[in-house]
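Below you'll find the structure, written out as structure tokens, and then a few comments.
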Amino acid sequence: AGPTPDPTPGPSAGPTKDLIPLISVKKVVGEPGKCDASNFGSLTDGVYTMDSTSDEFAYCYEVSVPPGSDECIVDMTLTDSSPNGVESVGVDDLCQGEKVYISGPTKTGKNAPEEPV
């Protein structure tokens with residue numbers, strides 16, 4: 001006959017902890033070239049008005065892993081299927097408390113989904 005299995009349990013992995021993966025994506029709109037940490041608060045989360053249909057605008061995305069998260073995000077792709085949104089942008093590793101800013105393509109007012117009032 002073969003070896004007899006040892007009935008003694010192996011080492012315990014210890015108590016398990018529920019991991020809390022979190023991600024935050026905020027989308028705003030405004031003047032092209034201002035999609036960064038220092039200008040993000042000045043961009044508009046809502047209706048963005050332009051004086052002329054030839055004025056330019058771009059969406060700006062802030063992607064972050066909030067401080068309360070237990071994990072990092074690895075090789076994420078951001079895609080926004082809305083009109084004039086970013087088509088597909090890769091985001092490298094982001095960990096607890098880190099942020100990255102992604103600018104969408106620059107468009108003119110005549111490409112805005114809403115008509116001027």
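Any read-out appearing in this document is the output of simple, stated calculations on the displayed coordinates, not a laboratory observation. Quick caveat, the model's predicted, so the values are computed rather than measured. Don't worry about glycine lacking a Cβ; one is built from the backbone with ideal geometry, like all the others, and counts go over all protein chains shown.
What is the local net charge at CYS35, summed over the other residues whose Cβ is closer than 14 Å to its Cβ (Lys, Arg +1; Asp, Glu -1)? Local charge sum for CYS35: -1. Protection proxy ranking, highest mean first, for peptides 50-59, 100-109: 100-109, 50-59, where packing is the per-residue count of other beta-carbon atoms within 10 Å, averaged.
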